[in-house]
Amino acid sequence: MFRTLSLVSIALMALTLTSTTAAAQNAERIARACVTALHSTADKHSEAVQQTTRQTVRAIKSLDGDGAPDRAIIAAGARGIKEVEGLSRRASARAANLREDCVQALRRLNAPQEFIDRVNAAARAATVSIGDSADRAEQVIRRAVAEAID
């Protein structure tokens with residue numbers, strides 16, 4: 001995700017340093033790149049959360065199969081949820097920073113509001129996606145813990 005942000009930041013800086021006419025012509029390309037980067041941030045978060053969830057559920061099942069005490073199973077679930085929460089905080093911060101950088105670049109170019117609105121809408125969608133994916137993961141982990149300690 002860091003690479004995506006840095007590449008977008010470099011592209012934004014390069015495009016904002018061009019002439020006013022050329023910059024205005026590039027506003028749509030900037031908005032498109034920003035929207036793509038925001039979608040990518042949400043997608044990468046979802047993949048990381050799914051991987052963490054799978055690993056956590058495997059650990060819970062392994063502990064349960066080995067006859068581990070309930071507190072060990074609960075602790076494994078708590079660690080997985082904490083990891084999901086950390087991934088979500090970082091992805092949300094990346095999306096917010098990316099949105100801010102993109103909107104500022106578009107405003108410097110006097111881009112049409114339509115382009116800024118697209119970026120804002122993509123940022124909102126990314127934030128919702130990040131939250132939904134974290135919520136689903138936490139439910140799966142909690143369910144695995146509940147099944148293991150029953």
- Query: Taking segment 68-124 as the search range and keeping residues that are of a type in the set (Asp, Glu) and over 15 Å from Ile141 (Cα atoms), which one is surrounded by the most Cβ atoms within 10 Å (Cβ to Cβ)?
  - Reply: Asp101
- Task: Within segment 44-59, identify whether any single residue is more than 22 Å from the chain's Cα centre (by Cα) and at pLDDT 95 or above, and answer yes or no.
- Result: yes
- Would segment 52-75 turn up any residue that is in contact with a Ser or Thr (Cβ under 9 Å, 6 or more places away or on another chain) and touching a residue at least 24 places away in the same chain (Cβ under 8 Å)? no
- Task: Quick one: Val128 ticks every box in (1) of a type outside the set (S, T, N, Q); (2) under 30 Å from Ile81 (Cβ atoms); (3) surrounded by fewer than 19 Cβ atoms within 10 Å (Cβ to Cβ); (4) in contact with a helix residue (DSSP H, G or I) (Cβ under 7 Å, 6 or more places away or on another chain) except a single one, so which number is it?
- Result: (4)
- Note on the structure: All conditions in (1) modelled with pLDDT under 95; (2) of a type in the set (Gly, Ala, Ser); (3) more than 11 Å from Ala31 (Cα to Cα) are true of Ser129 except (1)
- Out of Glu114, Glu100, Glu147, report the one residue that is of a type outside the set (Val, Ile, Thr), closer than 29 Å to Glu28 by Cβ and more than 21 Å from the chain's Cα centre (by Cα). Glu114
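The values are calculated or read from the model by the stated rules, or taken from the named source; none is laboratory data. Just so it is clear, the structure is predicted and the values come from calculations on it, not from any experiment. Every residue, glycine among them, receives a Cβ derived from its backbone with ideal geometry; neighbour counts consider all protein chains shown.
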